[in-house]
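Undergrad: Take a look at the following structure, please.
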Amino acid sequence: MLSDREIKIVKFLYKNQSKYVSSNTIGFNVGFSEKTIRNSINDICNKISKKIFEIDSVRGKGYRLIINNYNEYIDLIYKLKKGRSQICDKDGREKYILEILLLENCSVNFRKTSKMLFVSDSTLQRDIYNLNRKLRDYKLYLEKNKDDSLSIRGEEIDKRHFILDYFFSGRFSNSFLSNMDEVDIFDKDIIRQLLLILLDEVRNHKISVNDYTIENLVVHFALLIERIKRNCIINDCFELTYIDNKNIYNFSLDICERISKTFGIDLPVKEKNYIFIQLLSKTKSSILSVESNDDMRYIGLIKHISKKLKVDLLEDDVFLNSFLEHLASLEKRVESGFLVSNPLTDKIVSKYKVYLDLVKESFDKFLGWRDLTDDEWSYLVIYIISAIERNKVNNKLKILVVCASGFSTGLMLKTRISYEYSRTFRIVGVLGYYELSSENLIDIDLIISTIDLEGLLIPVPYVKVSVFLDEDDLNLIDRKIKEIRYEKSHSKSFFSEGYVKNNLFDKYFSQENFYINSRQISRNDALSLIYKSLSYEGKIQKMYKQETDLREKFGSVVFGDIISIPHPVHPIETKGKIFTIISSEDIFWDDLHKNVRIVFYISPPQGIDRDFEKVIAIFTKIIRNEQLIKQLIEIKDFEEFRKFMKLGGD
């Protein structure tokens, strides 16, 4: 079966399955050398049946996970998860360090941590560097002390601000509470206030907890407030006859006092006792996860729900931790006959009955639980709803906003887009025109720009809008969304309306402007060959060079490390031309792009040419389709290329 290292690689590839990632990137994130990554991927491919999944590789681009049987993949990964750690990548290591230092209030030893996480000292040092990039905006600094311990230096108020943003706001991660913002179940202001109260007291009393325990407690407290407002008081809570943990008891008293003052409610003694019991059990409990649960009773249950929802709960650690912790608490309450009323039951029954029925059916089928009240079932549905919302966030279209400078107008447009499309878009950034390059277009689905981008050939759809985003602009964006969604769901038919018919192909392509290269050459070698082929006149060749070099000063023209699309900033000649180089050997383009294999040199026509625009649109689609790129690299002559462009690959 797969080793720890191999599982880490598969999990990282799963999180990035929409794109190819290099062995260097994988190694950086999971903590191994490039050579080790390559050898491990070969081992994985030999161990796992292609009927379940395979790892595709493209020279110069890297690796991509292709899942061929989703249900069998889930079954396999669940088997592998037993006894495995969730701290398997860069983000997991960073979160682990911050959680221990800021939430669990414990010390971290550098060398012990590197050994425990199975990473080298240099990898952990790199993690610290990355963490400090996040911390510096909060005037905080993670330092390694002389005794090898790690500590975060800075003001307490800044630490609390960072904790809120990092663990609970969704700015750095997908938290349970940040996803619940999208669902009309809890009052957002109440959740925010409870979170502040709990964090303050955790820090004041130096209580050791983790992020999902805090989130579960916030949910319990929010429901408690609703219960009291509706006069649904707990009647049969345990009486406290002996208190064996004074610190937790004082912790609970301070929380009760602050809840009473903040929300203007009088907490009955039994509700205070219930809060103490909740705090005692949750702060004492060890980390619960599928991996450490010896009897694995919930495995079949979670797999079943995953498949029914078509949402991968397997990789949703936020769901797993919160859900399993709640189940452990629920089992204890069921055994003691102590069930809690839920003031949100009516809302969940009316709005989310499908999920309620799924939870009931699943628990009956796998655990034989039938006698729980709708109040208790509704508690479980809350975790399901959050997981679904988190999945929606992960599937939002990634948007880049572009304006002249990247400042005022761009920020205004960003605000308008956020208001109109908060459930559809995730805005990755706001850039100025001259900041656009291939590097910041990685994984972008759509560019929304206030300026015309026709002068830049970019492999990403874009729409030009006004800064005010009027009705016409919204209609443009809506149409573009439909096109993108259609392309994503019909990825094999990229050329559906764009076959390059013979007349168009012959208009812009020619045998003279096509070259198969079989030796290692540089960017300058390739471009010199192109300029001489496009024009016999030295003056025109010089203009091509000047305009092409000028374009590259704005940003890289290499996309995905393997395709270069150089072009002049302004049209040089009346008619449009395209020169193609397909190379069996690497072309050294620059220090960052040493493995270019395909060059499309675009010489745009002077004036409007709709046919040329159609051909260029097809190029942008080729660039985003890894299978077509693979086929292009294998082309041996011009006739094969003609057939490829006419039929759009096999």
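Rule-based calculations on the coordinates, nothing more; no lab input. Since the model is a prediction, treat every value here as computed from it, not as a measurement. Every residue, glycine among them, receives a Cβ derived from its backbone with ideal geometry; neighbour counts consider all protein chains shown.
Undergrad: Specify whether the C-alpha gyration tensor of the stretch 502-647 places it in the rounded, prolate or oblate class, a ≥ b ≥ c being the square roots of the eigenvalues: rounded for a/c under 1.5, otherwise prolate if a/b is larger than b/c and oblate if not.
TA: Taking the square roots of the gyration eigenvalues as a ≥ b ≥ c, the stretch 502-647 is rounded.
Undergrad: Kindly provide the trypsin sites (Lys or Arg not before Pro) of the stretch 103-169 that DSSP labels as loop, not H, G, I, E or B, and whose Cβ sees at most 16 other Cβ atoms within 10 Å.
TA: Loop-located and lightly packed - Lys139, Lys146.
Undergrad: Kindly provide the chymotrypsin sites (Phe, Trp or Tyr not before Pro) of the stretch 578-617 that DSSP labels as loop, not H, G, I, E or B, and whose Cβ sees at most 16 other Cβ atoms within 10 Å.
TA: none
Undergrad: Trypsin sites (Lys or Arg not before Pro) within the stretch 560-602: which are DSSP loop residues with at most 16 other Cβ atoms inside 10 Å?
TA: For trypsin sites (Lys or Arg not before Pro) across the stretch 560-602 that sit outside H, G, I, E and B with at most 16 neighbouring Cβ atoms in 10 Å, the list reads Lys575, Lys594.
Undergrad: Below 8 Å, C-alpha to C-alpha, sequence gap of six or more: please give me the relative contact order for the stretch 82-154 in percent.
TA: Relative contact order for the stretch 82-154 comes out at 28 percent.
Undergrad: Could I ask something else about it? Just list whichever of Lys95/Lys134; Lys398/Lys643; Lys229/Lys270; Lys11/Lys480; Lys35/Lys90; Lys19/Lys464 have alpha carbons separated by over 23 Å in the model shown.
TA: The pairs that break the limit, which is 23 Å between Cα atoms, are Lys398/Lys643; Lys11/Lys480; Lys19/Lys464.
Undergrad: Which of rounded, prolate, oblate describes the stretch 293-393, given a ≥ b ≥ c as roots of the alpha-carbon gyration tensor eigenvalues and a/c under 1.5 marking rounded, otherwise prolate only if a/b is larger than b/c?
TA: Here the stretch 293-393 falls in the oblate category.
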